[in-house]
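Student: Handing you this structure, nothing more for now.
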């Protein structure tokens, strides 16, 4: 979510330097709920984050932490 922009730029809520094809990106954070294995997904096209089953096919984006 740290890459999410407050305003939509080039159809996505992320800097246009990133590939527009990757509008949905997995995070490394899991979500255990209702007996299923889920993970959080960032939706740059809609500007929000939600969780989905790990069976769904989305992209990953390598980023560095400032820590």
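The values are calculated or read from the model by the stated rules, or taken from the named source; none is laboratory data. Note that the coordinates shown come from a computational prediction; the quantities given were computed from them, not determined experimentally. All Cβ positions, even for glycine, are placed from backbone atoms using ideal geometry, and neighbour counts span all protein chains on display.
Student: Considering region 6-15 alone, what residues qualify as being modelled with pLDDT of 90 or more, in a loop (DSSP other than H, G, I, E, B) and out of contact with any strand residue (DSSP E or B) (no Cβ under 8 Å at 6 or more places or on another chain)?
Tutor: 6, 7, 8, 11, 13, 14
Student: Quick one: residue 42 ticks every box in (1) touching a residue at least 40 places away in the same chain (Cβ under 8 Å); (2) assigned to a loop (DSSP other than H, G, I, E, B); (3) surrounded by 13 or more Cβ atoms within 10 Å (Cβ to Cβ) bar one, so which box is it?
Tutor: Unmet condition: (2).
Student: Further question on the same structure: Identify, please: which residue in region 10-24 is over 20 Å from residue 57 (Cβ atoms) and surrounded by fewer than 13 Cβ atoms within 10 Å (Cβ to Cβ) and is, among those, nearest to the chain's Cα centre (by Cα)?
Tutor: Once the filter is applied, the top-ranked residue is 15.
Student: Does residue 57 qualify as being out of contact with any strand residue (DSSP E or B) (no Cβ under 6 Å at 6 or more places or on another chain), within 26 Å of residue 10 (Cα to Cα), in a loop (DSSP other than H, G, I, E, B) and at pLDDT below 80?
Tutor: Considered against the rule, which asks whether it is out of contact with any strand residue (DSSP E or B) (no Cβ under 6 Å at 6 or more places or on another chain), within 26 Å of residue 10 (Cα to Cα), in a loop (DSSP other than H, G, I, E, B) and at pLDDT below 80, residue 57 comes out as yes.
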